[in-house]
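Read the structure below first, then the notes.
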2 protein chains.
Amino acid sequence: MKKLALVLPLLLINTLAVADELLKLQQNPNNWVMPAGNYNNQRYSQLDQINKDNVADLKMAWSFSTGVLHGHEGNTLIIDDTMYVHTPFPNNVFALDLNNDGAIKWSYKPKQDYNETVNHMCCDTVNRGLAYADGKIFLNQADTTLVALDMDTGKVMWQHQRDDPKRGATSTGAPHVFNDKVLVGISGGDYGIRGYIKAYDLNGKPQWQVYNTGSDAEMGFDPKTTTSMLKPVGKDSSLKTWQGDQWQIGGGTTWGWFSYDPDLNLFYYGSGNPSNWNPMQRPGDNKWTSSLFARDLDSGKANWVYQMTPHDEWGYDGVNEIILVDQKINDKMRKTAVHFDANGFAYTMDRVNGGLLVANKFDPSVNWSNGVNLETGLHERVVQYSTDNNGTDVSISGICPTSFGSKNQQPASYSPHTGLFYIPTSDVCMDYEPYEVEYTSGQLYAGATTTTFQAPSSTNIGKFIAWDTRVGEIIWSNSERFSVWSGALATASDLVFYGTLEGYVKALDAQSGRELWRFKTPSGIIGNVNTYQHKGEQYISILSGISSRGVFGIDIPSLNGDTCPPLTTSPYDDLVKWTKLGSILSVFTLPNKFLK
Amino acid sequence: MKKLALVLPLLLINTLAVADELLKLQQNPNNWVMPAGNYNNQRYSQLDQINKDNVADLKMAWSFSTGVLHGHEGNTLIIDDTMYVHTPFPNNVFALDLNNDGAIKWSYKPKQDYNETVNHMCCDTVNRGLAYADGKIFLNQADTTLVALDMDTGKVMWQHQRDDPKRGATSTGAPHVFNDKVLVGISGGDYGIRGYIKAYDLNGKPQWQVYNTGSDAEMGFDPKTTTSMLKPVGKDSSLKTWQGDQWQIGGGTTWGWFSYDPDLNLFYYGSGNPSNWNPMQRPGDNKWTSSLFARDLDSGKANWVYQMTPHDEWGYDGVNEIILVDQKINDKMRKTAVHFDANGFAYTMDRVNGGLLVANKFDPSVNWSNGVNLETGLHERVVQYSTDNNGTDVSISGICPTSFGSKNQQPASYSPHTGLFYIPTSDVCMDYEPYEVEYTSGQLYAGATTTTFQAPSSTNIGKFIAWDTRVGEIIWSNSERFSVWSGALATASDLVFYGTLEGYVKALDAQSGRELWRFKTPSGIIGNVNTYQHKGEQYISILSGISSRGVFGIDIPSLNGDTCPPLTTSPYDDLVKWTKLGSILSVFTLPNKFLK
C-alpha cells in the first residue's frame, strides 16, 4: 500500500508536466508542435512578421529533398532548433538542424514489408505526419506500427504494431497526442476495414480501443448518455442499422485529423464512408459511418455522435478535420465544432452537446441533397442522384460532388482575427456505377466504378474559398486550375497560405482573397503550409511532391512517365503540363532588409 | 548533271545558315545553347546584371522536379523563351516555358531496355545533357541512341542507335553540335569498350567514325601529318603499343565535354583510361588512351594527339574538358587548349600544332609523378606508387590522387576578364590492388580494387580553386567539406558559381575567392551552373540531385535509405548528414528592386 501511495503521485506529476509542456509548446508560435499546430485544429499562427506589405518579397531560405517520390501530404513539426520531416512509404523521418540550413541531425528508416503494406493501400502511399510529446517524436507507419523516437537521437524508444496490413488495415493518418495520450486511427475502408481509434500512453502502453461500428461496448457507447441530435442513441444504435454482421467489414475508418478540447477533455474526429461502395449490398443507415464523434480522452467513451450521410451512396468519407472555434451563432456565444464534409456541406455543431447549429452547402454545385433539416439532422435527398434505386451495373450520371468530395482530408484553417474559415475545395462531379462484390480478406472491396469530370456549373475544377460559418456563406472565392489539395494556414497578419497541384505556394489577403505572392515549387503540392519563427525570423514551410497514384484514387499515369495513354481521361490529366513527381521541402523567409 | 548543280548549292546554303545560327545563338548571352554555353568550353557568360554588390540578394525564382531520383549531371539549355531539361536514365527531356514559371511545354520519354542498359553502366546512370541546332534538340540516350527532337513539339525527327548496350557500350556524355555535325562519344571503358567519336549530319546521316586505338585507318591517323609533341606519330602508333589485339578491348572511351575552334575547324576531346585496370595485363603505352586529341571536324582525321598518362596504372581518365583560350604564354600570344586532367596535372597545349607549353600539378597532393618533361612530354614517375611493379593482388598504398582524379568530368570555367581558370577538385587518395581478370563481353572488366581516403596533406576532401595557367599556379583556393562535383560558371561581373555535394550553390568573388552568396538546394549538386537572361532579368540555373550509386564509383548506400552499414567506409559517408537523393532544377534571380 505504501508503495502504491508513493508511485501514484509521481505518475500524476509526470502526466501533468507532459500535458503542461504540450500546452506551452503549442502556445508559443515559434514552434509547430503537432499536425495542426494546436489542439483546436485551427492551423492559425500568431506570427505576423510576414505581412501584407512585405509578403511579395518572400524568398526561399533553403530546401531539402526527402528522396521519396510519392505524394507528400501533411507538414513538418518545428520544436526549438529542429524541424522534423516525414516521408510517404517507407515513412522515413528526418530531424533537420535549423541552425545549419537544414543539415540532417538524424534520420530514421523503418523496416516495413513492401508487398504486405503498399499492395494493401487503396491510393497513394502517403503519410500525414508526426506528433510530439515528452521528448518523443511519434510516427504512425503504413504497416500500423506506432513508433516513438527519441527527439534528440532518433533512437526507437518503443513501438507497437496494432493491426495487420495483410488484411488491408494500413495507416496514412498522423498520430495525435492530446494531453498524455497518443491516438491513432486506421485506414483501409476500401478493404472492408472496420474503423477504430486506439489510445496509448506516452510509454507505449495501450489504453483503450473504440470502434465506430458494432456493439455498444466495443464502440464505447452508453445507450443513455451517448447522444445524437441531443437525444440518447439508445441500445444497439449501430447494430440495428446493418444487415447481419456486415458492420464487421463495413468501413467507417479513421485517417483524418483529430482535435481536442482540454477544458471538456473531449476529442473530435470523423469516420469514413461505409464499405463497400455498392449501397444495395448493405441496406440500413450503416451507423456510425460518415459520422462526427466527440469522445472522452481518458476512456474513449462517446459523448455525442452525428451521422452526416446515413447509408452513404457515393463514397462520401466523413474523416475531414473538425475545427474547434468559440464563436457567436445566432447572437449566442457557443463552443462550436466546425466540419467541411466531403459531401459538400459545412456543419457547425455545439461541441459540448453535439447539437446541430448550421448545415449549409459550401460547394454550390452539390446536387445529391437539397439541404439538411436542422430538426432531424437528415438530408432532403434528390432521387435522381441516388445510386441505390436502379439496381446493380447501372450508371448514375452527373452526381456532384464526386466521391472524394467537395473537400477531402486537406485541412482548412480558421482565423480568429477575421472570423473566417479558409477551405481548399474541388469542383468535380461523377458518374457512379455500383457493382456486386464479394468480400475476401486483404482484397480490394470496392463495389462501384466512378468517372470524374469538372462540375458543369464551374469554370474549372478547384477553388480556395473563405467561408463564414456563422451565416453559412462564401465570403470570397479564388478560382484554381485544379482541385486544391493542400492544407491552409492563416496568420495573425491576415494572410492565408496554401499550395496548388501545379506546385505554386500562394499567399492571399485573408480579408479580400487577393493574391499577394506566389512561388513555383518543384512539384505539385498536396502538403499543408505551416509557419514558425527561428532566431527572430518567421519562416513558411511546405512539402511539395505529387504522385501518379492519385491521392484522389485517380491514376495520373502521365505524371509517372508512362508512355501509354491512360485508359480513361480525367480532369487531372493536364497536370502533366505542370509538374512531375517530387519530394521537396521548401522553406521561405523575408529578405534581411525586413528583419530587425 | 543539271540536278546536281541545283542541289549542291542549296545544301551548302543550308549548312552555312545552320552554322551561322549556332554562332549567333552562342554569342547572345541571353541563351545557353550548348553544354558549355559556347564552342570554346569556357563556361563564361557576358551577363553582368548579377554582380558582387547584389549577389547576396539572389533569390530562387522557381523550381522544377524532374521526377527521377538519380545523379543529375550536366545543365539545362536555354533558347529564347524555352528551357530544355534532361534527366538521368530513362533520359526524359522537358521543354519548360520561361514565360510561365517553367510550365511544361512538352516532354519526351524514350523507351529503353532497363536491364540491357542500366545493368551495363559502371557507375550512376547519369546523362550530361542536350545539344541544339537547326530547330532540333539532340539527346544522347544511355542505350547509345542519338535522337533529334523537334524543339517546338518534342516529336522525334530522327534517331539512330550506334552501339549495343548488351556488350557494355552505353552513353552518359552530352552530344555536341559543331557547325553542321553532331558528335557523340561512347562510355563503357570498364567493360572493355574501345573508344570512338561518331559524327552525324543534322538530318541523322552518319558521316564518319574514328577510334582512339587500333589501326591508323580506323583512328583517322596519317602517320606523316598527324603529330604528337610536334613530331609525326609514324605508322601504327597505337598498334605498336599494345600486346596483340588488346586494343580491341582496351578502353580509351569518350564521355567528356568536347570543344571546337571554328577558325581552325578542329575539335578537341580527351580519351579515357585503358582497360582493364590491371596494368600488368596490358603491357605497352596503350596508345592513344588517356590522351588529348585535335581532329578535323569535316573528316574526323587527327591533327595532333598527346598522351598524358602512357600505360596508365591508376585509372586516370583523360576525358576532362579542353578549354580553348587565346592567351599569352611566355610573352607570346598563343591559341591554347587547356586541360585539367584526372592525373592531377594542368596541361596547356598550343591548340594549332599540339605543342606542350605548360604541365604543372594543380593538385599539390599528387605523388605518383614528380613532373612532366616538356621536351619529351613524359612524366617522371615515382616507383613507390607504380601499380605495375609488384605483381597481381598486391595493394599499393597511398597513391594520390585516387582513380577518379584530382578532378573528374565536372567542368572548369575560364574568365577572359580575370584570365583565371576556376576548377572543382577532389583531395582524395587511394590504395590500389590490381587483380587478374578475363574479358567477357558485357561483363565488368575491372582488374583492380581501390580504397579511397582523404589526402593526408589536406584538411578535407575538396577545394574550388582559381588557377593561372600562364604561370601554372593556384591563385586562391576555397576549401570544401566534400569533393566539388559540380561544373563552374564565370560571369563578366567577376563572379564564379559552383555547387557542392551537400547541396549548396555558391557565388564567389572571381578575383579573391571570397564567398558572397550561398543557398541550400534540396539535394547534393553534381550538375553544372549556367546563366541566361529572360525579359531583361538574369537567371542562374542549377540541377541538384545526387545518387547513392556514386558518380565516383563509390557507393554511398546511406543516401539511399539502406539500413545496412556499407561494407567499407569512404570519405563520402558523411554526406548522409547533409543530403538525400534529389531531382530538382532551381532557378535564381535578383529581387525586383535590382531590376530596371
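List of remarks:
- Of residues in segment A:368-397 being in contact with a helix residue (DSSP H, G or I) (Cβ under 9 Å, 6 or more places away or on another chain), touching a residue at least 40 places away in the same chain (Cβ under 8 Å) and not hydroxyl-bearing (Ser, Thr, Tyr), the one least open to solvent (accessible area, probe 1.4 Å): A:Trp368
- Filter pass, A:Trp255 being open to solvent by 10 Å² or more (accessible area, probe 1.4 Å), in a loop (DSSP other than H, G, I, E, B) and hydrophobic (A, V, I, L, M, F, W, C): yes
- Wholly within segment B:510-592, strands (runs of 3 or more DSSP E) carrying at least 2 residues that are open to solvent by less than 50 Å² (accessible area, probe 1.4 Å), at pLDDT 95 or above and away from every other protein chain (no Cβ under 14 Å): B:530-534, B:537-544
- Only listed residue being within 20 Å of A:Asn367 (Cα to Cα), in contact (Cβ under 8 Å) with a residue 12 or more places away in the chain and out of contact with any helix residue (DSSP H, G or I) (no Cβ under 7 Å at 6 or more places or on another chain), chosen from A:Gly270, A:Gly318, A:Gly256, A:Gly300: A:Gly318
- Looking only at segment B:288-305, residues that are polar (S, T, N, Q) and open to solvent by less than 10 Å² (accessible area, probe 1.4 Å) come to 3 in all.
- When B:Lys136, B:Lys111 are checked against the criterion of being more than 24 Å from the chain's Cα centre (by Cα) and basic (Lys, Arg), B:Lys111 stands alone in meeting it.
- Qualifying residue in segment A:79-91 (condition: outside any strand (DSSP E or B), touching a Lys or Arg at 6+ places or on another chain (Cβ under 6 Å) and open to solvent by less than 10 Å² (accessible area, probe 1.4 Å)): no
- The condition (being part of a loop (DSSP other than H, G, I, E, B) and surrounded by fewer than 24 Cβ atoms within 10 Å (Cβ to Cβ)) is satisfied by just one residue among A:Asp285, A:Asp317: A:Asp285.
- Residue that is surrounded by the most Cβ atoms within 10 Å (Cβ to Cβ) [pool: residues in segment B:11-33 that are at pLDDT below 95 and polar (S, T, N, Q)]: B:Thr15
- Checking each residue in segment A:203-224 for being out of contact with any Leu (no Cβ under 9 Å at 6 or more places or on another chain), closer than 16 Å to A:Ser238 by Cβ and part of a loop (DSSP other than H, G, I, E, B) picks out A:Asn212, A:Gly220, A:Phe221, A:Asp222, A:Pro223, A:Lys224.
- Unmet requirement for B:Phe89, which otherwise passes all of (1) in contact with a helix residue (DSSP H, G or I) (Cβ under 9 Å, 6 or more places away or on another chain); (2) aromatic (Phe, Trp, Tyr); (3) in contact (Cβ under 8 Å) with a residue 60 or more places away in the chain: (3)
- The residue list B:Val85, B:Val126 contains one member that is among the aliphatic types (A, V, I, L, M), within 23 Å of B:Leu501 (Cβ to Cβ) and out of contact with any Leu (no Cβ under 9 Å at 6 or more places or on another chain), which is B:Val126.
- Matching residues, segment B:271-282, being in a loop (DSSP other than H, G, I, E, B) and closer than 19 Å to B:Tyr196 by Cβ: B:Ser271, B:Gly272, B:Asn273, B:Ser275, B:Asn276, B:Arg282
- Restricting A:Asp113, A:Asp97, A:Asp143 to those that are modelled with pLDDT of 95 or more and surrounded by fewer than 21 Cβ atoms within 10 Å (Cβ to Cβ) reduces the list to A:Asp97.
- Checked against the criteria, A:Tyr196 counts as in contact with a Phe, Trp or Tyr (Cβ under 7 Å, 6 or more places away or on another chain) and among the aromatic types (Phe, Trp, Tyr).
Matching residues to (1) among the polar types (S, T, N, Q); (2) crowded, with 24+ Cβ neighbours inside 10 Å:
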| position | (1), (2) |
| --- | --- |
| B:Gly135 | no, no |
| B:Lys155 | no, no |
| B:Pro165 | no, yes |
| B:Ser171 | yes, yes |
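- Scope segment B:211-238; condition on the phi < 0 side of the Ramachandran plot and in contact with a Lys or Arg (Cβ under 7 Å, 6 or more places away or on another chain); matching residues: B:Tyr211, B:Thr213, B:Asp216, B:Asp222, B:Pro223, B:Pro232, B:Ser237, B:Ser238
- Enumeration of residues in segment A:63-78 that are open to solvent by less than 10 Å² (accessible area, probe 1.4 Å) and either more than 11 Å from chain B (Cβ to nearest Cβ) or not hydroxyl-bearing (Ser, Thr, Tyr) (or both): A:Phe64, A:Gly71, A:His72, A:Glu73, A:Gly74, A:Asn75, A:Thr76, A:Leu77, A:Ile78
- So A:Leu58, is it closer than 16 Å to A:Val496 by Cβ, surrounded by 24 or more Cβ atoms within 10 Å (Cβ to Cβ) and within 13 Å of chain B (Cβ to nearest Cβ): yes
- 3 or more residues of a type in the set (D, E, K, R) and closer than 22 Å to B:Glu73 by Cα: qualifying strands (runs of 3 or more DSSP E) within segment B:114-202: none
- Residue within segment B:28-41 that is more than 24 Å from the chain's Cα centre (by Cα) and assigned to a loop (DSSP other than H, G, I, E, B) present: no
- For A:Gly71, the requirement of being modelled with pLDDT under 95 and either among the acidic types (Asp, Glu) or within 20 Å of the chain's Cα centre (by Cα) (or both) is met.
- You will find that of A:Asp341, A:Asp312, A:Asp326, A:Asp317, the residue that is more than 30 Å from A:Gln246 (Cα to Cα), at pLDDT 95 or above and either under 22 Å from the mean Cα position of the chain (by Cα) or not charged (D, E, K, R) (or both) is A:Asp326 and no other.
- Single unsatisfied condition, A:Thr309 versus (1) open to solvent by 10 Å² or more (accessible area, probe 1.4 Å); (2) of a type in the set (Val, Ile, Thr); (3) assigned to a loop (DSSP other than H, G, I, E, B): (1)
Quick grid of which residues meet (1) more than 11 Å from chain A (Cβ to nearest Cβ); (2) on the phi > 0 side of the Ramachandran plot; (3) not small (Gly, Ala, Ser):
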position: B:Met34; (1), (2), (3): yes, no, yes
position: B:Asp48; (1), (2), (3): yes, no, yes
position: B:Asp81; (1), (2), (3): yes, no, yes
position: B:Tyr84; (1), (2), (3): yes, no, yes
position: B:Leu98; (1), (2), (3): yes, no, yes
position: B:Trp106; (1), (2), (3): no, no, yes
position: B:Val126; (1), (2), (3): yes, no, yes
position: B:Ala131; (1), (2), (3): yes, no, no
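- Scanning segment B:457-467 for residues that are touching a strand residue (DSSP E or B) at 6+ places or on another chain (Cβ under 7 Å) and either free of Cβ contacts under 8 Å to residues at least 12 places away in the same chain or open to solvent by 20 Å² or more (accessible area, probe 1.4 Å) (or both) gives B:Thr459, B:Asn460, B:Lys463.
The values are calculated or read from the model by the stated rules, or taken from the named source; none is laboratory data. The structure displayed is predicted, hence computed values, not measured ones. FYI the Cβ positions are ideal-geometry reconstructions off the backbone, even for glycines, and counts take in every protein chain you see. Note: areas computed on protein heavy atoms with side chains; ligands, DNA, RNA excluded. Shrake-Rupley method; radii C 1.70, N 1.55, O 1.52, S 1.80 Å.
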